[in-house]
Amino acid sequence: MTALLELQDVEARYGPVHVLHGISLAVEEGSVVAVLGPNGAGKTTTLRAVSGTVRRAGRIRFAGRPLDRLGPAAVARLGVAHVPEGRGTFSELTVWENLRLGAYTRRGSIQPELERVFTYFPWLSDRRRQQAGTLSGGEQQMLALARAFVLRPRLLLLDEPSLGLAPVLVAELFRIVRELNEKEGLTVLLVEQNAHLALQAAVAGYVLEAGRVVLSGSSDELRADDSVRRSYLGY
Amino acid sequence: MVTAATSRLEGLRGGAGFPLVSLVLVACAAGLLVGSLRSATFAQLTVQGLALGAVYGILALALVLVYRATRVINFAQGELAMATTYIAYQLIQWGLSYWEAFVATLAIALVLGTVLELTLIRPVLHRSGIAAVIVTVGLFVLIDGIVNWIWGGDFKSMPSPFGTKIYHVGGVSIARLYVGMFVVVVVSALLVWVLFRFTKLGLGMRAAALRPAEAALVGVRVDWMLAVGWGLAALLGAVAGLMAEPSQFFLQPTLMQPILVYAFAAAVLGGLDSPAGALIGGLAIGVSLNLVVQYVPAISSELQEPFAFAVIIAVLLLKPSGLFGHQEVRRV
Amino acid sequence: MRSRIATVASLLIAAAVLSVLPFVISDYNVSLVARVGVFFIAVLGLDILTGYTGQISIGHGAFMAIGGYTTAVLSRDHDTNLIVTMLIAFAICFVVGLLVGLPALRLSGAYLALVTFALAVSVPLLPLKWSSFLGGRDGVQTSHEVSNLWLYGVAWAASAVLFVLAWLILRGRVGRAFRAVRDSEIAAVASGIELPVYKTLAFGISAAYAGVAGSLFVLANNGFAAPDEFGVVLSLQILIGAAVAGLGSLWGVLAGAAFVGLLPSVSSSVPVIGSTHGQDVVFGAAVILVMLLLPDGFAGLLTRIRRLARA
Ligand SMILES: Nc1ncnc2c1ncn2[C@@H]1O[C@H](COP(=O)(O)OP(=O)(O)O)[C@@H](O)[C@H]1O
Ligand SMILES: [Mg+2]
């Protein structure tokens, strides 16, 4: 069985600055895969390489199709939802408009999608007319997730969802991600500083350092690894 | 960045200045009403000013759409409007009725504006704002030259879209022309508002203008949206040109040059990124120009453009974000 | 060192060619090349503003109008020496430029473009209002006209003086400050450069250059200053000249000035588009093409050719 998402020797750069030096990884359909690594390792850039928001080279295949020549809009149209670092909600628009944008690539009525999303995020339904910018940080992160989910993506790219959130909210967020994964079979590529949480949610993980994969394995293997334990789990 | 976000929000919620602005506007409207009740001349000037101001406002709206989409001031907006008016003239010469030509011209303008953005603006946009502005300046001269070349600089006349009927309301005579201009502009503006507010395309255009990177992530074709924004602006410009023409009674290549300056003043007055502000600014400029020229002896009709210039300077010095605009964050 | 020598050599060549030229070409051509000198000064002035500080002006025709009317009125009313009127035009436009530069302090590019454009439209209308003093639509005539050779000599001498002046200003502290303003305003402030001072100063200098160009422009126009001569298209032409020129190269500015100075007479002899408005078509198309194909103008093209030649 081939993976839903497969990266082979992917390089990426910002202008002259090379950031990724040959990343290879695979994400099986229906799984949650974590990407760990210190700040500046290139985790965000890896997700951006997939969604086409950074200049990249190398092979990126999604559901058997090459992505490496596609721009972000085209990648989104194939069913890849990217919740960027810092959420990327449209704070000037209403909650409803944000959700509508999430399903931008879908044709026809999005009512069923919305209903489905509201079962996971019931409070959003009452706030649909509210300006997204007036939501709290945690609510905005939930909205970002909800917006990604209206697309009914085959693959969700999730970048540091726990950043700046209170622990209760983080737990709630991860509960929803796990639920989406279990109930809907959503495939997730998760970037997360909190290795503990990440490895709990994921079946497998990759550790990035300075733009290279230095370690990979199942979550259990990673948890058992000494260097991971020391650097990321803190015991 | 934090200031950017908060001031944006303030702008949307209304901010502290908003009640004051509405108060001033209500006071102005009341003043106009009182004046109009007391003097028929005043009333006539006000009505005419509103009609002309609507034209300035819709051109200002075009400028604002372009500015919001691409952060560029399109200096060719007026000349583009003038050129599309000539296209309507030509279509009428070829036998179309006025309103057939009107609709056809709007469609042509939409395509023209979109194509111009894709071919001439997009390639330089990433380089610098100055480069894009210089291209629009080049377009200004180019369009002017082409129109003069094809149609010549002499006066052309087009059939009147609204006839010459004059309504008498109380002691005030109101030309049907002015009512028609006003209505056409308001309806166009409303349609654009509906497009932006209630359609998926409009939502995509707003998202693309507000946050291009995030919009692309959800699958909005940002480049395309911005180009269509230019197209829509050209369409609104065509409305402005077609409504300006009957108010001047003749068509000539300089039709839109003074109007562009008034539209600049209107857009700055309303706040360069506020569509509603542009329209209200246009009305304010139209009415005040008319009244000032009549009632302030020092300002004769030659000084209309300098007056608009003074408005621009005054607004920028006193309230750079205009009546309804968001504060541009530029802490230096 | 080599580039220094090359620069001096090219300056000398330019000077030599320009001083011999009037004696080998016809009187009509002398007037044309004099016109190029007039635009050289204006384009140079705008180049200082836009190229070095990154501020845009679509209103340099307004400063030219002020300079031109200064010369015309002083000559008409007081028969002032024309060279002296040029110096006065320089001073007046410097002050006006500072005044325009003041609101510009608070404005980002888009607003600045808008303000200067409105200025370009407004200033030529003022003579219509104060017609007894400024001649209204009929314009103002200087007390006497100058020969083409006089104009040629004065225009290019002024060009040389102003070019050297620009070089002196830009090579030192002021030039560094200007560039810092352009490259990053925030960084410039952080490094202790007094941004408002330098932004305004750049505007003043630039306007003063345009003022001198305006004086000469009137003299080139048989000593006649009228509103129509200073229409908005003049401002656009100067901007086009600066766009063609690119940044900071003598040859670039020369090319830009020659482009806007000569095009009207050259294009009128071209078939099909040789009508009065054919030049506008060429102007507009040319500037768009330059922006699309030669991002750094003629100066950038020269650099590229030189690099190719070396390789
Ligand atoms: N827009 C950018 N321009 C230039 N360099 C960048 C940009 N974004 C990130 N980088 C650099 O790329 C490297 C990797 O960044 P990133 O992928 O954001 O790391 P991570 O998400 O693992 O913290 C860092 O060294 C960062 O400085
Ligand atoms: Mg990151």
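The values are calculated or read from the model by the stated rules, or taken from the named source; none is laboratory data. Note that the coordinates shown come from a computational prediction; the quantities given were computed from them, not determined experimentally. Virtual Cβ from ideal backbone geometry, glycine too; neighbours counted across all protein chains shown. With ligands, DNA and RNA removed, areas are computed over all heavy atoms of the protein, side chains included. Shrake-Rupley method; radii C 1.70, N 1.55, O 1.52, S 1.80 Å.
Among A:Gly42, A:Gly86, A:Gly52, A:Gly22, which is within 13 Å of another protein chain (Cβ to nearest Cβ), farther than 28 Å from A:Ser125 by Cα, within 16 Å of ligand 1 (Cβ to nearest atom) and among the small types (Gly, Ala, Ser)?
Values: A:Gly42 fails: within 13 Å of another protein chain (Cβ to nearest Cβ); A:Gly86 fails: farther than 28 Å from A:Ser125 by Cα; A:Gly22 fails: within 13 Å of another protein chain (Cβ to nearest Cβ).
Unique residue meeting the criteria: A:Gly52.
Condition (residue is open to solvent by less than 50 Å² (accessible area, probe 1.4 Å), within 16 Å of ligand 1 (Cβ to nearest atom), part of a helix (DSSP H, G or I) and at pLDDT 90 or above) applied to the stretch A:76-83: is it met by at least one residue? Before the answer, list the steps.
Kept after step one, since they are open to solvent by less than 50 Å² (accessible area, probe 1.4 Å), are these residues of the stretch A:76-83: A:76, A:78-83.
Remaining after also requiring within 16 Å of ligand 1 (Cβ to nearest atom): A:82-83.
Now restrict to residues that are part of a helix (DSSP H, G or I): none.
The answer is no, given that none of the residues of the stretch A:76-83 is open to solvent by less than 50 Å² (accessible area, probe 1.4 Å), within 16 Å of ligand 1 (Cβ to nearest atom), part of a helix (DSSP H, G or I) and at pLDDT 90 or above.
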Check on C:Ser206, away from chain B (no Cβ under 11 Å), in a helix (DSSP H, G or I) and of a type in the set (S, T, N, Q) | yes
(1) within 14 Å of chain A (Cβ to nearest Cβ); (2) part of a loop (DSSP other than H, G, I, E, B) all hold for B:Leu255 apart from (1)
For residues that are under 26 Å from A:Val150 (Cβ atoms) and at pLDDT 90 or above, scanning just the stretch A:55-64, find the one that is nearest to the other protein chains (Cβ to nearest Cβ).
-> A:Phe62
With (1) away from ligand 1 (no atom under 16 Å from the Cβ); (2) open to solvent by 10 Å² or more (accessible area, probe 1.4 Å); (3) within 23 Å of A:Ala3 (Cα to Cα) as the list, and A:Arg100 as the residue in question, which single condition is left unmet?
-> (3)
Of the criteria (1) surrounded by fewer than 22 Cβ atoms within 10 Å (Cβ to Cβ); (2) closer than 30 Å to C:Glu194 by Cβ, which one B:Gly325 fails = (1)
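Quick check on the stretch A:46-68: of everything there that is closer than 9 Å to A:Leu7 by Cβ and in a strand (DSSP E or B), which residue is most open to solvent (accessible area, probe 1.4 Å)? Let's see the steps before the verdict.
Within the stretch A:46-68, the subset closer than 9 Å to A:Leu7 by Cβ is A:46, A:49-50, A:58-61.
Keeping just the survivors that are in a strand (DSSP E or B) gives A:58-61.
Numbers: A:Gly58: 34, A:Arg59: 114, A:Ile60: 0, A:Arg61: 74 Å².
Checked the stretch A:46-68; the qualifying residue most open to solvent (accessible area, probe 1.4 Å) is A:Arg59.
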Taking the stretch B:179-198 as the region of interest, how many residues are open to solvent by less than 50 Å² (accessible area, probe 1.4 Å) and over 17 Å from B:Tyr98 (Cβ atoms)?
-> 4
Would you pick out the residues in the stretch A:46-58 that are among the charged types (D, E, K, R) and within 12 Å of ligand 2 (Cβ to nearest atom)?
-> A:Arg48
Which of the residues belonging to the stretch B:289-314 are closer than 18 Å to B:Leu260 by Cβ and either open to solvent by 40 Å² or more (accessible area, probe 1.4 Å) or in contact with a Ser or Thr (Cβ under 6 Å, 6 or more places away or on another chain) (or both)?
-> B:Ser301, B:Glu302, B:Gln304, B:Glu305, B:Pro306, B:Phe307, B:Phe309, B:Ala310
Does B:Asp154 satisfy the condition of being within 14 Å of chain C (Cβ to nearest Cβ) and within 30 Å of B:Val47 (Cα to Cα)?
-> yes
With the condition kept exactly as written, say whether any residue in the stretch A:32-45 is farther than 18 Å from A:Pro161 by Cα and either in a helix (DSSP H, G or I) or within 16 Å of ligand 2 (Cβ to nearest atom) (or both).
-> no
Single condition B:Thr136 does not satisfy, out of (1) within 16 Å of B:Leu242 (Cα to Cα); (2) under 17 Å from the mean Cα position of the chain (by Cα); (3) within 13 Å of another protein chain (Cβ to nearest Cβ) = (1)
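Specify the residue that is nearest to ligand 1 (Cβ to nearest atom); the eligible residues are those in the stretch A:1-19 that are loosely packed, with under 15 Cβ neighbours inside 10 Å and touching a residue at least 40 places away in the same chain (Cβ under 8 Å).
A:Tyr14
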Of the criteria (1) within 17 Å of the chain's Cα centre (by Cα); (2) among the basic types (Lys, Arg); (3) assigned to a loop (DSSP other than H, G, I, E, B), which one A:Arg178 fails | (3)
Are any residues in the stretch A:123-155 more than 12 Å from chain B (Cβ to nearest Cβ), in a helix (DSSP H, G or I) and either polar (S, T, N, Q) or within 16 Å of ligand 2 (Cβ to nearest atom) (or both), and if so, which ones?
-> A:Ser125, A:Gln141
B:Gly145 versus (1) without any contact (Cβ under 8 Å) to a residue 12 or more places away in the chain; (2) more than 14 Å from chain C (Cβ to nearest Cβ); (3) surrounded by 14 or more Cβ atoms within 10 Å (Cβ to Cβ): which is the lone unmet condition?
-> (2)
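Among the candidates A:Pro112, A:Pro161, which residue alone is assigned to a helix (DSSP H, G or I) and either open to solvent by less than 10 Å² (accessible area, probe 1.4 Å) or free of Cβ contacts under 8 Å to residues at least 24 places away in the same chain (or both)? I'd like the intermediate steps shown before the answer.
Details: A:Pro161 fails: assigned to a helix (DSSP H, G or I).
Only one candidate qualifies: A:Pro112.
Listed here are the residues, each with its yes/no results for (1) open to solvent by 60 Å² or more (accessible area, probe 1.4 Å); (2) away from chain B (no Cβ under 14 Å); (3) within 16 Å of ligand 1 (Cβ to nearest atom).
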residue	(1), (2), (3)
A:Leu157	no, no, yes
A:Val177	no, yes, no
A:Asn181	no, yes, no
A:Gly185	no, yes, no
A:Val188	no, yes, no
A:Ala201	no, yes, no
A:Tyr206	no, yes, yes
A:Val213	no, yes, yes
A:Ser219	no, yes, no
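Being touching a Gly at 6+ places or on another chain (Cβ under 7 Å), part of a helix (DSSP H, G or I) and open to solvent by 10 Å² or more (accessible area, probe 1.4 Å): is that true of C:Leu128 here? Write out each step before concluding.
Numbers: touching a Gly at 6+ places or on another chain (Cβ under 7 Å): yes; part of a helix (DSSP H, G or I): yes; open to solvent by 10 Å² or more (accessible area, probe 1.4 Å): yes.
The answer is yes for C:Leu128.
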Taking the stretch A:1-31 as the region of interest, how many residues are among the small types (Gly, Ala, Ser) and within 16 Å of ligand 2 (Cβ to nearest atom)?
-> 1
Hey, does the stretch B:95-106 have a residue that's within 11 Å of another protein chain (Cβ to nearest Cβ) and in contact (Cβ under 8 Å) with a residue 24 or more places away in the chain?
-> no
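Return the total of residues in the stretch A:74-88 being over 27 Å from A:Ser136 (Cβ atoms) and either of a type outside the set (A, V, I, L, M, F, W, C) or under 16 Å from the mean Cα position of the chain (by Cα) (or both).
Of the stretch A:74-88, the ones over 27 Å from A:Ser136 (Cβ atoms) are A:74-75, A:77-80.
From the residues that got through so far, the ones that are either of a type outside the set (A, V, I, L, M, F, W, C) or under 16 Å from the mean Cα position of the chain (by Cα) (or both) too are A:75, A:77-80.
Looking only at that region, the number is 5.
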Pick out the one residue from B:Gly163, B:Gly138, B:Gly145, B:Gly153 that is closer than 26 Å to C:Val232 by Cα and assigned to a loop (DSSP other than H, G, I, E, B).
-> B:Gly153
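Mind checking which helices (runs of 4 or more DSSP H) fall wholly inside the stretch C:22-119 and carry at least 1 residues that are within 14 Å of chain B (Cβ to nearest Cβ), open to solvent by 40 Å² or more (accessible area, probe 1.4 Å) and within 22 Å of C:Asp183 (Cα to Cα)?
Details: elements: C:27-46, C:60-78, C:82-104.
Qualifying helices (runs of 4 or more DSSP H): C:82-104.
In the stretch B:258-301, how many residues are part of a loop (DSSP other than H, G, I, E, B) and either within 18 Å of B:Ala233 (Cα to Cα) or hydroxyl-bearing (Ser, Thr, Tyr) (or both)? Please lay out each step first, then the result.
Initially, the stretch B:258-301 is screened for residues part of a loop (DSSP other than H, G, I, E, B), giving B:271-274, B:296-300.
Filter again for either within 18 Å of B:Ala233 (Cα to Cα) or hydroxyl-bearing (Ser, Thr, Tyr) (or both), leaving B:271-274, B:300.
The number of residues fulfilling the criteria is 5.
How many residues does the stretch B:185-207 hold that are among the small types (Gly, Ala, Ser) and within 14 Å of chain A (Cβ to nearest Cβ)? It would help to see each step written out before you state the result.
Filtering the stretch B:185-207 for residues among the small types (Gly, Ala, Ser) gives B:188-189, B:202, B:204, B:207.
When the remaining residues are screened for being within 14 Å of chain A (Cβ to nearest Cβ), the result is B:202, B:204, B:207.
Qualifying residue count, the stretch B:185-207: 3.
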